[in-house]
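Student: Handing you a structure now.
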Amino acid sequence: TQGTPHFEDGALRWSGFAATGAEIDVTYTVLISPCLAAGTPLVTAVTFADEAGTGVTRPVTVTVANAAPTAPHTPSPASGATEVDTEIVLSWEPGTDPNCDTQHYTVAFGAIGQPLSIVATDLLTPTWSLTTLEPEMEYRWVITATDGISSTASPIWSFTTKAPPKWTVFLPVVLRGE
């Protein structure tokens, strides 16, 4: 046989034997669409020729592997933020998916000292609204992006909500003379 092609370090490599029995290493580069779905087969043929001009053509098939999305980043509110309102919209910048798959997001959220709980799943937009946060409380959150095959989590981010407003009450004072 002529060996098995494999993808390594960004190049398709094939090792086999020339007609004289000498081992050879063949490398060639193929430009392909960066958005091929996982499982897509790429089929081509390679012709090898010896010094006498005798050629051998062999089919080469490589299957595209799934690549995980990169981690979501740039949270809002920023990690470590203070004086955050108790009604907010969490948002983040999505990572990229090398296969150009649609990304879905899961939000895990909780107060410091408590376990993170999954509070939203299968989000298609990089936002999630919160309306019932406690004042002067530190919260943390993490976003997990999935392309349906692989998942990647963001770092754990945190923020602290602001204190409740202080009210000053003025009562009417009635002075009565005697």
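The values are calculated or read from the model by the stated rules, or taken from the named source; none is laboratory data. Computed from a predicted model, the values in this text were never measured in an experiment. Here the Cβ positions follow ideal geometry from the backbone for every residue, glycine too, while neighbour counts run over all protein chains shown. Just so you know, the surface numbers come from the protein's heavy atoms only, side chains and all, with ligands and any DNA or RNA stripped out. Shrake-Rupley method; radii C 1.70, N 1.55, O 1.52, S 1.80 Å.
Student: Return the carbon/sulfur percentage of the accessible area of the range 34-154, one whole number, probe 1.4 Å, all protein chains in place.
Tutor: On the way: 3640 of 6750 Å².
Summing carbon and sulfur atoms, their accessible area is 54 percent of the total for the range 34-154.
Student: Write down the accessible area per residue of the range 52-107 in Å², having rolled a 1.4 Å probe over the full set of protein chains. Each step should come with its number before you reach the end.
Tutor: Numbers: 2900 Å² over 56 residues.
Here the residues of the range 52-107 average 52 Å² of exposed surface.
Student: In the full protein assembly as shown, how much of Thr106 is accessible to a 1.4 Å probe, in Å² to the nearest 10?
Tutor: 40
Student: Just the accessible area for Ile88, please: 1.4 Å probe, Å², rounded to the nearest 10?
Tutor: Roll a 1.4 Å probe over it and Ile88 shows about 20 Å².
Student: Okay, moving on. Could you do me a favour and compute the accessible area per residue for the range 133-178, 1.4 Å probe, result in Å²?
Tutor: Working: 3500 Å² over 46 residues.
Roughly 76 Å² per residue, with all protein chains present.
Student: Roughly how much of Trp128 is accessible, in Å² to the nearest 10, using a 1.4 Å probe?
Tutor: Answer for Trp128: close to 50 Å² accessible.
Student: Using DSSP to define loop residues, name the trypsin sites (Lys or Arg not before Pro) in the range 61-167 whose beta-carbon has at most 14 other beta-carbon atoms within 10 Å.
Tutor: Numbers: sites: Arg140, Lys162, Lys166; in loops: Lys162, Lys166.
Sparse-neighbourhood loop trypsin sites (Lys or Arg not before Pro): Lys162, Lys166.
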